[in-house]
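Let me begin by presenting the structure, written as structure tokens, before commenting on it.
The values are calculated or read from the model by the stated rules, or taken from the named source; none is laboratory data. Only a predicted model underlies this, so the values are computations on that prediction, with no experimental measurement involved. Note that each Cβ is placed from the backbone with ideal geometry, even for glycine, and that neighbours are counted across all protein chains shown.
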């Protein structure tokens, strides 16, 4: 009871869209464990009347056997575990009240549950978790059959909990209801393979019914006909199925003469639904996220150097390690620029203020949410948080830029499958140049890594085709603008989806004003 009350104190209305922040999802682990404790007490007193509840208790408790509170982050690092937990909160835990509403001794459980009812994950969280699984699949070329087993190829995970047939079927149904025929056929086929390997939560005919139509819409008419034929055997008296079988049969005979398949006249080519048909930028982005980077030429390798920076008096006693890892744009890694203590202070200050991250509308200049940026962020002012002053001084000394013309430090925690698709930090021509800030365009970016990431989460540059993988304590630094003040198109970059683990970052966006004598124009006007 005490642990539940303590958790309630830590929750705020900002917990909306919980799936966009792994830090807030970690809190749900503790909340769910508190719910388990309450439910255990209830079941002890009402065992004879609570057979149905006890079955649910055994299922959910199995996720936390041999698990300490310190294991919470590792548990939700597995995206399947994270999805299942959000599903339980959205479905099973919410429906629990209906199961016990007639029980005369329900008051204790219900009163405690109602305390946090408004702060629990929503339908949006549940759907966001499924979309995140799809994003991870597409970016890292994961098979639904592996995800269904709770496995990420090449990554060793603890606390494995496979999906059951009902879970797999629900994911397929979600894709189906959103006309996402590629993922629908994938997950429904996986559900079909699992029929009979688990308890019969889902019937074969129900999966076949969804699958056949999804395959037809995806242009896989041969498979749709084959599965409808099997469905007709299972349900010989259902007229709709008989008519569909006849329609598919005629469709195949008609379309074979033109080699056209499917509802939209698509060829029977599964590659139509892969990333190969996306635009070049997103295709390059996904390849880089998988580590498919362009190797350096010998000429480029000769320019990759590392050194100790100690020109500024701030750096005399402790020079800053700097590495140049790319040429255009020049990308520098500032090794161990931020300490463990500073990282913890930043996380501690930012956590209560985390809100869904926004992007700037290129036309209006206003901030808005976007599906291509899944994270929560907070802003920390150096004036308010004195512990940032030392980091600001060291960053200014290393970059040579005046950070009094920087925005507040943005701190971000990425959610389930959290990512930020290719974008520019600076405003381009015909876009609002941060007029509300009155400091000009963003001349440079300093991105601090506040955590390691077990898999995924790289920062990739889609033009140069290079990637920087998170390394706790390091920072990445680059100039967004050329010396002539124009934007460098090669700075388009992205944050890859977090596959396993948590990703914390912070960044300073440094603006043009105040840099006139710190980053001077070159003799060549094109530079």
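Quick notes on this structure:
- Sole residue being free of Cβ contacts under 8 Å to residues at least 24 places away in the same chain, in a helix (DSSP H, G or I) and either out of contact with any helix residue (DSSP H, G or I) (no Cβ under 7 Å at 6 or more places or on another chain) or surrounded by 15 or more Cβ atoms within 10 Å (Cβ to Cβ) (or both), chosen from 232, 191, 224: 232
- Residues of the stretch 48-76 satisfying the condition of being surrounded by 14 or more Cβ atoms within 10 Å (Cβ to Cβ) and out of contact with any helix residue (DSSP H, G or I) (no Cβ under 8 Å at 6 or more places or on another chain): 49, 71, 74
- Residue check, residue 329 surrounded by fewer than 16 Cβ atoms within 10 Å (Cβ to Cβ) and part of a loop (DSSP other than H, G, I, E, B): no
- Checking each residue in the stretch 374-399 for being part of a helix (DSSP H, G or I) and either surrounded by fewer than 22 Cβ atoms within 10 Å (Cβ to Cβ) or within 31 Å of the chain's Cα centre (by Cα) (or both) picks out 388, 389, 390, 391, 392, 393, 394, 395, 396, 397, 399.
- The criterion of being more than 18 Å from residue 135 (Cα to Cα) and modelled with pLDDT of 95 or more holds for residue 189.
- Check on residue 97, surrounded by fewer than 14 Cβ atoms within 10 Å (Cβ to Cβ) and modelled with pLDDT under 85: no
- Subset of the stretch 300-311 that is in contact with a strand residue (DSSP E or B) (Cβ under 9 Å, 6 or more places away or on another chain) and not in a helix (DSSP H, G or I) - its residue that is farthest from residue 459 (Cα to Cα): 310
- Given (1) assigned to a helix (DSSP H, G or I); (2) over 21 Å from residue 21 (Cβ atoms); (3) more than 15 Å from the chain's Cα centre (by Cα), number of the condition residue 89 does not satisfy: (2)
- Lone qualifier among 324, 294 - being in contact with a strand residue (DSSP E or B) (Cβ under 7 Å, 6 or more places away or on another chain), modelled with pLDDT of 95 or more, surrounded by fewer than 15 Cβ atoms within 10 Å (Cβ to Cβ) and closer than 20 Å to residue 492 by Cα: 324
- No other residue among 337, 346 is in a loop (DSSP other than H, G, I, E, B) and touching a helix residue (DSSP H, G or I) at 6+ places or on another chain (Cβ under 9 Å) apart from 337.
Residues are listed down the side, and each one gets a yes or a no for (1) modelled with pLDDT of 95 or more; (2) part of a loop (DSSP other than H, G, I, E, B); (3) within 26 Å of the chain's Cα centre (by Cα); (4) within 16 Å of residue 420 (Cα to Cα):
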{"residue": "452", "(1), (2), (3), (4)": "yes, yes, yes, no"}
{"residue": "490", "(1), (2), (3), (4)": "yes, no, yes, no"}
{"residue": "519", "(1), (2), (3), (4)": "no, yes, no, no"}
{"residue": "527", "(1), (2), (3), (4)": "no, yes, no, no"}
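- In the stretch 112-119 there is no residue that is crowded, with 18+ Cβ neighbours inside 10 Å, within 18 Å of the chain's Cα centre (by Cα) and assigned to a helix (DSSP H, G or I).
- Index of the failed condition, residue 92 passing every other in (1) under 13 Å from residue 53 (Cβ atoms); (2) modelled with pLDDT under 85: (2)
- Residue check, residue 130 closer than 30 Å to residue 292 by Cα, crowded, with 21+ Cβ neighbours inside 10 Å, out of contact with any strand residue (DSSP E or B) (no Cβ under 8 Å at 6 or more places or on another chain) and touching a residue at least 12 places away in the same chain (Cβ under 8 Å): yes
- Single unsatisfied condition, residue 314 versus (1) closer than 20 Å to residue 464 by Cα; (2) part of a helix (DSSP H, G or I); (3) at pLDDT 90 or above: (1)
- Total residues in the stretch 146-173, condition under 20 Å from the mean Cα position of the chain (by Cα), farther than 14 Å from residue 84 by Cβ and touching a residue at least 24 places away in the same chain (Cβ under 8 Å): 5
- Of the numbered criteria (1) farther than 30 Å from residue 137 by Cα; (2) out of contact with any helix residue (DSSP H, G or I) (no Cβ under 9 Å at 6 or more places or on another chain), the one residue 402 fails is (2).
- Looking at 485, 473, just one residue is at pLDDT below 95 and in contact with a strand residue (DSSP E or B) (Cβ under 9 Å, 6 or more places away or on another chain), and that residue is 485.
- Boolean, residue 142 is within 20 Å of the chain's Cα centre (by Cα), under 25 Å from residue 284 (Cβ atoms) and buried (at least 16 other Cβ atoms within 10 Å of the Cβ): yes
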